[in-house]
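Undergrad: One structure follows; several queries about it will come next.
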Amino acid sequence: MSEILGICRKLLEPSVDLNDFETVRRNYGSRDREIPFVPKISVEEFFERFLLPNKACLIGESLTSDWLARRDWVGEDGKPNWPHLRQRYGETKVPVADCEQVEYGSHVKIEMTLNEYLDYWQDDIRTRSDDVAGSRRRILYLKDWHFVRVFKDSPIYHVAAPFQSDWLNEYWDASGTDDYRFVYMGPKGTWTPFHADVFRSYSWSTNICGRKRWLLFPPGEEVAFRDRFGSFPLDVTSDDVKNSGQFPAYEQATQPIVVIQEAGQTIFVPSGWHHQVENLEDTVSINHNWGNACNVVYLWKGLKDDLLEVEKAISDCRDMDDYHTHCQVLLRSHSGLNYPGFLKLILTVGSQRLDKMEKFLQQLGSESNTAGEADRAASTRVMTEQLCCSSERQLKFTGNHWNLFDLTCMRLVLQDVLAQSLSEAFTEQEQPSIMEASELLKTVTNCTLLFLNAHTTPEQCTRT
Ligand SMILES: O=C(O)CCC(=O)C(=O)O
Ligand SMILES: [Fe+2]
């Protein structure tokens, strides 16, 4: 993992800013359009081959073979285990999208019980026919069901090691307000329109049963699909997009990268990749939106772009009182997070990482303090070697987080956040977070440099 140290070193140079993250990352991997299939993958390999270069991959069944859902939610015929799902969760209300009704640029959402949804689905299987177009009454897709939030004590799956460093859900869990963990299920033919995930988050998605076809577009390729008003079509495969009056840039459109995802397989969708998804069979899947040090720069940039869009949309209200706070309210409903929310996320994750780092450094310090004076030089040398060495343990002493890398990227983002004129975007009650953020920036800078150089005593790395 000496690469991580190398990257941190580059990113910690005083002149480096947010845009350099991109350069360091791009140096790291090629941007070819091939989506590798990896039968299994370690945390380290995933970090280097996919997270850092922001590349997609498809991972084999081994990642999820011990999930209870793979056993209990699937019948012998490979279809959903209807009696089991009904018995456990039948009375629960679930969100359902009507794939044939569009309102405000997305499928209309309704709510029903899971039993009602499964009635529809089983009836659909009995009555649908492959050859008669339009023979189906409705195409209903159960999606964005916050399963873990509702059934906390039902461990039907766990997050695989490569996806465990997840600042978004870590923050939502700490604040107790939301989460981005979902169950999707729907008959063959249900589909999700063209989109990129909420504020440039990553997604991982595992098929419990069934198959999906993913159409993927690396960042930038989506531009060709904007219509003359700047909006995206729901379906990039429809003939409508070929109308050059409506879609003036379509000529430049690239072919999608197509991935067929089988039962048990997991797809990783990187930050800012647009995608459109169709269930080729009756399918149940679990997905999380997530983010960490590798894409926090994009999350922040995404939020800044979204704010510009909000400001443009209500530019005629620019003179009203509290215009900026109002923009933040709209930003929150448009993007799921606003500037104060983002700062809270950083403060939460930052303080958890610093706690661990302090403990770790203190432990090393006390190890060296117990040594006699004669051994002091030797033990300082050992400590320095431990900190400098590229061993994973030193860089990853909290679960699957690369702690030094987390703090390094956090520093870049904090610097940029604090460079914005924040005061107007924050209400009076939220103002203290700005102070807290500048304190955090100082401590993080201090800590990362100390950790990286590792020529100092741990006491110097206490909070300011
Ligand atoms: O499975 C689907 O229908 C859509 C999933 C998706 O968009 C995602 O995981 O990001
Ligand atoms: Fe998505």
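Yes or no, residue by residue, for (1) assigned to a helix (DSSP H, G or I); (2) within 14 Å of L11 (Cα to Cα); (3) touching a residue at least 12 places away in the same chain (Cβ under 8 Å):
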| residue | (1), (2), (3) |
| --- | --- |
| L407 | yes, yes, yes |
| R411 | yes, yes, yes |
| D416 | yes, yes, yes |
| S421 | no, no, no |
| E428 | no, no, no |
| A437 | yes, no, yes |
| L441 | yes, no, yes |
| T448 | yes, yes, yes |
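Undergrad: Please go through the range 127-154 and pick out each residue that is modelled with pLDDT of 90 or more and away from ligand 2 (no atom under 16 Å from the Cβ).
TA: I139, L140, F147, V148, R149, V150, F151 - these are the residues of the range 127-154 that are modelled with pLDDT of 90 or more and away from ligand 2 (no atom under 16 Å from the Cβ).
Conditions (1) farther than 22 Å from R411 by Cα; (2) within 16 Å of ligand 1 (Cβ to nearest atom); (3) modelled with pLDDT of 90 or more; (4) among the hydroxyl-bearing types (S, T, Y), marked per residue:
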{"residue": "V277", "(1), (2), (3), (4)": "yes, yes, yes, no"}
{"residue": "N289", "(1), (2), (3), (4)": "yes, yes, yes, no"}
{"residue": "C294", "(1), (2), (3), (4)": "no, no, yes, no"}
{"residue": "L299", "(1), (2), (3), (4)": "no, yes, yes, no"}
{"residue": "D319", "(1), (2), (3), (4)": "yes, no, no, no"}
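Undergrad: Name every residue in the range 260-294 that is of a type in the set (A, V, I, L, M) and either free of Cβ contacts under 8 Å to residues at least 24 places away in the same chain or away from ligand 2 (no atom under 16 Å from the Cβ) (or both), in order of residue number.
TA: I260, A263, L280, V284, A293
Undergrad: Then there's this: Within the range 185-209, can you find the residues that are part of a strand (DSSP E or B), surrounded by 20 or more Cβ atoms within 10 Å (Cβ to Cβ), within 9 Å of ligand 1 (Cβ to nearest atom) and within 17 Å of the chain's Cα centre (by Cα)?
TA: The answer is Y202, S203, W204, S205.
Undergrad: For the range 210-231, what are the residues that are touching a helix residue (DSSP H, G or I) at 6+ places or on another chain (Cβ under 7 Å) and surrounded by 19 or more Cβ atoms within 10 Å (Cβ to Cβ)?
TA: Within the range 210-231, just F225 meets the criteria.
Undergrad: If you don't mind, another one. In the range 315-329, is there at least one residue being more than 16 Å from ligand 2 (Cβ to nearest atom), on the phi > 0 side of the Ramachandran plot and not in a helix (DSSP H, G or I)?
TA: yes
Undergrad: Run down V310, V258, V269, V296 and say which single residue is aliphatic (A, V, I, L, M) and surrounded by fewer than 16 Cβ atoms within 10 Å (Cβ to Cβ).
TA: Result: V258 is the single residue among V310, V258, V269, V296 that is aliphatic (A, V, I, L, M) and surrounded by fewer than 16 Cβ atoms within 10 Å (Cβ to Cβ).
The values are calculated or read from the model by the stated rules, or taken from the named source; none is laboratory data. Quick caveat: nothing in here was measured; it's all calculated off a predicted structure. Heads up, the Cβs are rebuilt from the backbone with ideal geometry, glycines too, and the neighbour counts pull from every protein chain shown.
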